[in-house]
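Everything on this sheet refers to the single structure shown next.
The values are calculated or read from the model by the stated rules, or taken from the named source; none is laboratory data. Keep in mind that what you see is a predicted model, and the values were worked out from it rather than measured. Cβ coordinates were reconstructed from backbone atoms using ideal geometry, including for glycine residues, and neighbour counts include every protein chain displayed. Surface areas here come from the heavy atoms of the whole protein model, side chains and all, with no ligands, DNA or RNA. Shrake-Rupley method; radii C 1.70, N 1.55, O 1.52, S 1.80 Å.
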Amino acid sequence: MSLCTCTILSGAYVCGPIDTSAQSTRDIELAKLPSYSADDLELKVDATGTHFRLWSPEADEAKVYLYDTDRNTPAVDSLTMKRDVKGTWTASVNKPLYGMFYTFRIKHNRKWLKHTPGIWAKAVGTNGERAAIIDIAATDPEGWNTDKGPSLKAINDAVIYEMHHRDFSMHPSSGIVNKGKFIALTEQDTKSMLGDKTGIEHLKELGITHVHILPSYDYNSIDESQLPSNGYNWGYDPYNYNAPEGSYSTNPSDPSARISEMKQMVKSLHDAGIGVIMDVVYNHTANNDDSNFSLTAPDYFYRHKPDGSYSDASGCGNETASERQQMRDFIINSVKYWAKEYHIDGFRFDLMAIHDIETMNQVAAALKEINPDIFIYGEGWTAGDSPLPADQRALKENVAKMPDIAVFSDDLRDAVKGHYSNEADRGFATGKPGLEETVKIGIVASTAHPQVDYSKGANSKFAYAAEPTQIINYVSCHDDLTLTDKLAKSMPDASEQERLRAAKLAQTIVLTSQGTPFIFAGEEVFRDKKGVHNSYKSPDSINAIDWSNKHKYADQFNYYRELIKLRKSHPAFRMTSAADITKHIKFDDVKHDNLVSYSITGNANGDEWKEIKLAFNGSDEPLNIKVSKGDWIIIANDGKINAEGLGKSRGGTITVAPRSALIMAREK
Ligand code: CA
């Protein structure tokens, strides 16, 4: 079992040389195997009975084993499967076997492999060891037929909030009963001991539009038989891709509970007007030879090195082969299943560049057909080299070839707060000079702009996004130090007050830039992780959000809330084309370290404001900018913000306070 921390390497995208000779002879042979893409794979129950169909083109023999319970009991029956079309094997029983469990076993190269629930188990028992036969329709909560997520005109109308189920509700201060569970997000009117709103009420108060939940499919690392004393894991160790994780359910041994409870969570968020984005990790599996992929069709789902060993672009021991038809179909059919069965509104692809461009475009097309509001984004990098040629990888540099996909901007992230891999490194918002041009790259969402010189970019050297809808802006996520910890490590001598100011400045840049903003849960209450940068299996004492901080840092929370309100009420921050950005964004010619000043002009994107002036001062001294004469409303100044206005100004020379954002607007 490998406990993966792949995404810690985010930013380490690799553009290897195009070298087709790197493909192993085994991979060439595997690509020729027949594929089967109909949706009756593995299990189908209908009026004629229970039907099994396993895709395993190289198996010598295949069997299905049936059980009364989810674990620790012998099989009550076994069925010998018959070879059928396109590499599949079938067996049937002429009655519905609801309530029973099953595993498959194949004989490969004259050897019987271990039992597997297959790769299409939609319901599983404890630890996902056995697949379950249940009536999935019976898991639907009341009102599910009419349930729907929020509608968006474009992805950059979203404000994304990345959260882990345990982080959000485990702390005693959450006031939530079902801590660490899917249904924590169904509890209404929860409060901290200090009277502040928590749980779903907190999300509504903050104003985010979508939660992005860390992996919620069944993963490998938590022993579900040891509830409630089970531990913590981010979940980047996939086991069963098409069933929810058991440790987030109130009863992992009941296959219906995890499904029903996850649906209740989605329904509750949708009822609150909030969409649900799932983090999906199709790029690697937790195990190699013992993964469900390997036990179903050995080698097929993975890429290999020329010597036949697993290639490892994930840094987790293997990488999947999306370019191979049955794997490509698996990814597409799996996200379609989550979108249809669980009403998921968006997908975040982990290490997306391990997948090929064609697969990602087909994923987007398939999802948009189900619901045009579904959006897809991912990490446009890998964690190691891959046999897949660089020009076929879904890299951020290739995003222009993927019109309906967005990628994380490590450009803005590292420029604003300092490099992710060097704790002490500062960024634009914390006084490091020379990153002004990279901040501008972030402001224009990595699109081409006549006033942005990409040759001075710290990370990317060209405008890789065709449109701003292809960029996700952020300064922190579950990976690496939280923003609070990064500020503590890079500004060790600064007062907490100074660090709070820097955090506000950093998020103001994120929330006002073109592209789609993304914040990490708890940043709005100045959440820290005690300096732990890779907390993938750290205890709740490191990861859980302490909601009493909402009281302590009420000013911070109010700033974030108002910032989100500002963005949502002004389309000028949400332009959908690169041409509009070029037309409406004018950078001022300021030549001072840690100062960027610009205007969004001409009632951009239908905004009621004729001009918005934004100036970011990352230095520790006050700096002046020149603003045209007029009737200005001051929106943000010196660490304060009000979307309706803090006061008025006639323009002229205006001072931007140290480590703060100035935002002014005029209607005429
Ligand atoms: Ca699990």
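Give the calculated FRET efficiency between LYS629 and GLN226 to the nearest 0.05, with a Förster radius of 51 Å applied to their Cβ-Cβ distance.
Working: r = 69 Å, r/R0 = 1.34.
So the FRET efficiency works out to roughly 0.15.
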Points 7 angstrom from Cα along the Cβ direction at GLU621 and SER455: gap in nanometres?
-> 3.0
Computed lengthening from HIS533 to LYS552, 0.36 nm per intervening residue step minus Cα-Cα distance = 4.5 nm
ASN72-SER309 FRET efficiency (beta carbon distance; Förster radius 45 Å; 0.05 resolution) = 0.85
Alpha-carbon centroids, the stretch 453-473 and the stretch 131-175: separation in whole Å | 32
Projecting the Cα atoms of ASN333, HIS419, HIS284 onto the charge dipole of the stretch 271-420, where Lys and Arg contribute +1 and Asp and Glu -1 at Cβ, the residue farthest towards the positive end is ASN333
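Based on the Cβ-Cβ distance from LYS648 to ASP189, what FRET efficiency comes out when R0 is 45 Å, to the nearest 0.05?
Computed FRET efficiency for LYS648 and ASP189 comes out at 0.70.
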Note to self: with every protein chain in place and a 1.4 Å probe, the chain gives an accessible area per residue in Å² of 34
Within the accessible area of the chain (1.4 Å probe), percent carbon and sulfur = 48
Take the alpha carbon atoms of the stretch 634-668, find their center, do the same for the stretch 243-322, and report the distance between the two centers in whole angstrom.
-> 47
When each of LYS461/LYS626; LYS417/LYS440; LYS489/LYS640 is checked by Cα-Cα distance, pairs over 20 Å | LYS461/LYS626; LYS489/LYS640
Counting Lys and Arg as +1 and Asp and Glu as -1, each charge on the Cβ, what is the dipole of the stretch 111-225 about the Cα centre in debye, to the nearest 20?
-> 360
Only loop residues by DSSP count here, and only those with at most 14 other Cβ atoms within 10 Å; note down the trypsin sites (Lys or Arg not before Pro) in the stretch 601-635 that meet that.
-> LYS629
Rough spin-label spacing in nm, given labels placed 7 Å along Cα→Cβ, for ALA47 and TRP112 = 3.8
Three-way shape label, the stretch 42-139, alpha-carbon gyration tensor, a/c 1.5 = oblate
Using just the helices of the chain, give the 222 nm mean residue ellipticity in deg cm²/dmol: DSSP H runs with n ≥ 4 each add -39,500 (n - 2.57), and the total is spread over all residues, rounded to 500.
-> -6000 deg cm²/dmol
Under 16 Å Cα to Cα from LYS107, which lysines show up? Leave out anything in the same chain fewer than 8 places away.
-> LYS63, LYS82
Any chance you could run the full-extension gain for ASN603 through ALA365? It's 0.36 nm times the residue separation minus the Cα-Cα distance, nm to one decimal.
-> 82.4 nm
With Cα coordinates, the longest principal axis of the chain makes an angle with the long axis of helix 496-512, in degrees rounded to 10, of 70
Listed peptides 454-467, 256-269, 557-570 by packing density, highest first (mean Cβ within 10 Å) = 256-269, 557-570, 454-467
Exactly which GluC sites (Glu not before Pro) in the stretch 349-387 are in a DSSP loop and have at most 14 other Cβ atoms within 10 Å?
-> none
With a ≥ b ≥ c the root eigenvalues of the C-alpha gyration tensor of the stretch 149-281, is it rounded (a/c under 1.5), prolate (a/b larger than b/c) or oblate?
-> oblate
Order of exposure, largest accessible area first, which applies to LEU203, LEU113 with probe 1.4 Å | LEU113, LEU203
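Show me the ranking of peptides 542-548, 287-293 by mean Cβ neighbours inside 10 Å, starting with the highest.
Final packing ranking: 542-548, 287-293.
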Cleavage-rule hits, trypsin sites (Lys or Arg not before Pro), the stretch 72-133, DSSP coil, Cβ neighbours within 10 Å at most 16 = ARG110, LYS114
Most positive-pole-ward Cα, ILE519, ASN178, PRO141, against dipole of the chain from beta carbon charges = ILE519
